[in-house]
1. Summing Lys, Arg as +1 and Asp, Glu as -1, what charge do residues with Cβ under 13 Å from the Cβ of Leu13 carry, Leu13 excluded?
2. Which ³J(HN,Hα) values in Hz, rounded to whole numbers, follow from the phi angles of segment 39-45 under the Karplus curve 6.51 cos²θ - 1.76 cosθ + 1.60, where θ = phi - 60° and Gly and Pro get x?
3. With just the Cα atoms defining each centre, how far is segment 1-43 from segment 55-69? Give it in Å.
4. Arranged from highest to lowest average of other beta-carbon atoms within 10 Å per residue, in what order do the peptides 21-34, 4-17 appear?
5. With each pseudo-label sitting 7 Å past Cα toward Cβ, what's the Ala9-Leu53 distance in nm, one decimal?
6. For segment 14-69, what is the number of Lys pairs with C-alpha distance below 24 angstrom, counting only pairs 8 or more positions apart or on separate chains?
7. I need the shape label for the chain. Rule: rounded when a/c is under 1.5, else prolate if a/b > b/c, else oblate, with a, b, c from the alpha carbon gyration tensor.
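Rule-based calculations on the coordinates, nothing more; no lab input. Please read these numbers as outputs of a predicted model, since none were measured by experiment. Note that we place each Cβ from the backbone using ideal geometry, even for glycine, and neighbour counts take in every protein chain shown.
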Amino acid sequence: MIAGGRGTARWALYMAALVASRHNPLLKAFYRRLLAAGKPKVLALIAVARKLLTTLNAMLRDNKKWQHA
């Protein structure tokens, strides 16, 4: 269960991770690799959310746009 932080931001990040784990090739492969390693689906999805968040933070820091793989 994830309960910390701002609820609205957490919900938006969770939804973005859910979509990214299905449609973004890199994050989809990352999600499937975690599942293949025996991780629970929720844990794998939260790992995708964290990876997405760190990517977005780096984009803001470097003032760069999203780049497709």
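1. +4
2. Karplus-based 3J(HN,Hα) across segment 39-45 equals 6, x, 4, 5, 4, 5, 5 Hz.
3. 18 Å
4. 21-34, 4-17
5. Reported label-point gap for Ala9 and Leu53 is 0.8 nm.
6. 9
7. Working: a/c = 2.14, a/b = 1.15, b/c = 1.85.
Because a/c hits 1.5 or more and a/b fails to exceed b/c, the chain counts as oblate.
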